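Written below as structure tokens is the structure these notes are about.
The values are calculated or read from the model by the stated rules, or taken from the named source; none is laboratory data. Owing to the predicted nature of the structure, the values given are computational and were not obtained by experimental measurement. Methodologically, a virtual Cβ is constructed for each residue, glycine included, from the backbone with ideal geometry; neighbour enumeration extends over all protein chains shown. Ligands, DNA and RNA are excluded from the accessible area calculation, which covers all protein heavy atoms including side chains. Shrake-Rupley method; radii C 1.70, N 1.55, O 1.52, S 1.80 Å.
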Amino acid sequence: MTGNRRAVVLGGGFAGALTSSMLVRYVDEVTVVDRDEYPHGPELRKGVPQARHCHILWSGGARIMESLIPGTTDRLIEAGAHRIGIPNGLVSYTPFGWQHRFPETEFTIACSRALLDWTVRDQALRNSRISVLDRTEALELTGTAERVTGVRVRDSASGEERVLEADIVVDTTGRGSAMKRWLDRLGVAAPQEESVDTGMVYATRIFRAPGTTDGTFPLVSVLADSREGGPGRNAVLMPIEGDRWIVTLSGTRGGEPPADEAGFMAYARESVRHPLIGDLIAGLEPLTGVQRSRSTINRRLHYDRLPAWPEGLVVLGDAATAFNPVYGHGMSAAARSVAAFEKQIQLRDLDPGLGRAVQRAVAKAVDDAWMLATSGDVNYPDVEVDSHDPRLTDDDGTRRRDSDVMSSVATRNREVSRAAVGLMTLSTTVAEIQTPWLLAALRRGFEVPALTEPPLTPEELTVLPTLSHATR
């Protein structure tokens, strides 16, 4: 390519902002196209209804975000986001009991999705070579099955259509991506698709945090145990900016959380496996009603396996692989995809073969997160599985037994916890943790006694006037 090199990024969310900030290092200008009107502050966007629920940015994604857009983490903290150490800042009732709060090895950035998206976007747009066309709809790709040359877009206000020419087009439009339809118009074969659907439903409410916490509190989770045979029911409490707590309840098919206020509280106290989160929010001032969502299917489109792929096109984020949000892997997996994309550009620049190489690299980058989510979800009753992956369909139980052993020992062994936390936060890979020291730690087994009560500090316990100790 010669002359002014241009990129068009479809979708201006978290993945789009990271992609734009990466691409501007290698092209002259980047145009971001988004259907929504960009808010002027940390406000929810119409096109991201799932943003109302708890979103966790694990350290694996946060580090990539910071490397691409330096200073973003500090801006988030200054705006009230919490940096919570993991596992020391985690109070988690796992399927194998309470997790010991070992010293920090990883972390999470805890804030509302609205604050996160706005801060990342605002930081990215400080680069004058990144511009935004909001309230603009992408209609179709231009070019051929051999090479994409741009995107036809329409201004939502005026109805005017035009073509944005580009050396590379990147789709980060999320679960609602129209890429399959657009590729069909160009004569490109449909990608192989697989899905694992637990029927998960989410219900979220935000509360005023108790004044006794001084703005700090751990991330609290009560997780389902698929070995019990019934629907999976979960609860997560996360401190966010503005002295607030966001509480998200989730349940698989047959165990969905209710949408009414009384039902929400009863579910948190009586339906999940431990009443801790229900006890923590009892008597707190609610700041929102109960908000529900059903867009939770694990879905993977294998653009990486197509026999031919157009030059000048990349698909990543939820547009390629979408996860059940209960695992908190969506944003960090997208960040890993952008990092994999950059490595390919460093190797190939915008030369022929880049798009195909990126799709394969992205598929590899998200594979651990995909298996962590789907290998757990396939165990719930009434789950709908459409996959030919032998790791999901032909497993003789060995994979699950190995995972259960590691997860169980991690609750009471510091070194195994380090490895498990590294995977959970997408800070490391399955291949990277398979070392002699981990095998030795697994052989040593449990190193500390099992916890019989939630591992809250005396200061944290002050927010609980009474604590029900019943474990179901």
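Just a yes or no: is a residue in region 295-303 assigned to a loop (DSSP other than H, G, I, E, B), under 30 Å from VAL358 (Cβ atoms) and open to solvent by 40 Å² or more (accessible area, probe 1.4 Å)? Checked against the condition, which is being assigned to a loop (DSSP other than H, G, I, E, B), under 30 Å from VAL358 (Cβ atoms) and open to solvent by 40 Å² or more (accessible area, probe 1.4 Å), region 295-303 yields at least one hit. Among the residues making up region 1-27, those that are crowded, with 24+ Cβ neighbours inside 10 Å, farther than 20 Å from PRO42 by Cα and out of contact with any helix residue (DSSP H, G or I) (no Cβ under 7 Å at 6 or more places or on another chain) are VAL8, LEU10, LEU23.
Here the condition is being open to solvent by 10 Å² or more (accessible area, probe 1.4 Å) and within 17 Å of the chain's Cα centre (by Cα); of HIS55, HIS40, HIS82, it holds for HIS55 alone. Whether any residue in region 436-443 is touching a residue at least 24 places away in the same chain (Cβ under 8 Å), more than 21 Å from GLY328 (Cα to Cα) and in a loop (DSSP other than H, G, I, E, B) is what I want to check. Taking every residue of region 436-443 in turn, none turns out to be touching a residue at least 24 places away in the same chain (Cβ under 8 Å), more than 21 Å from GLY328 (Cα to Cα) and in a loop (DSSP other than H, G, I, E, B). Exactly one residue out of GLU160, GLU165, GLU146 is in contact with a Pro (Cβ under 8 Å, 6 or more places away or on another chain) and not aromatic (Phe, Trp, Tyr), and it is GLU146. If you filter region 267-285 down to residues that are in a helix (DSSP H, G or I) and open to solvent by 40 Å² or more (accessible area, probe 1.4 Å), you find that the one that is nearest to LEU456 (Cα to Cα) is ARG269. Scanning region 368-410 for residues that are under 22 Å from PRO231 (Cβ atoms), among the charged types (D, E, K, R) and open to solvent by 20 Å² or more (accessible area, probe 1.4 Å) gives ASP382, GLU384, ASP386, ASP395, ARG400, ASP404. State yes or no: is VAL314 open to solvent by less than 10 Å² (accessible area, probe 1.4 Å), at pLDDT 95 or above and farther than 14 Å from PRO191 by Cβ? So VAL314 does not fit the description; no. Kindly establish whether THR288 is surrounded by fewer than 24 Cβ atoms within 10 Å (Cβ to Cβ) and hydroxyl-bearing (Ser, Thr, Tyr). Yes, satisfied.
Of all residues in region 435-452, none satisfies being under 26 Å from the mean Cα position of the chain (by Cα) and open to solvent by 50 Å² or more (accessible area, probe 1.4 Å).
Restricting the first member to region 335-350 and to residues that are assigned to a helix (DSSP H, G or I), and the second to residues that are among the aromatic types (Phe, Trp, Tyr), the beta-carbon pairs closer than 7 Å and six or more apart or on different chains are ILE345/TYR26. Residues in region 103-120 that are open to solvent by less than 20 Å² (accessible area, probe 1.4 Å) and farther than 15 Å from HIS53 by Cβ: 4 in all.
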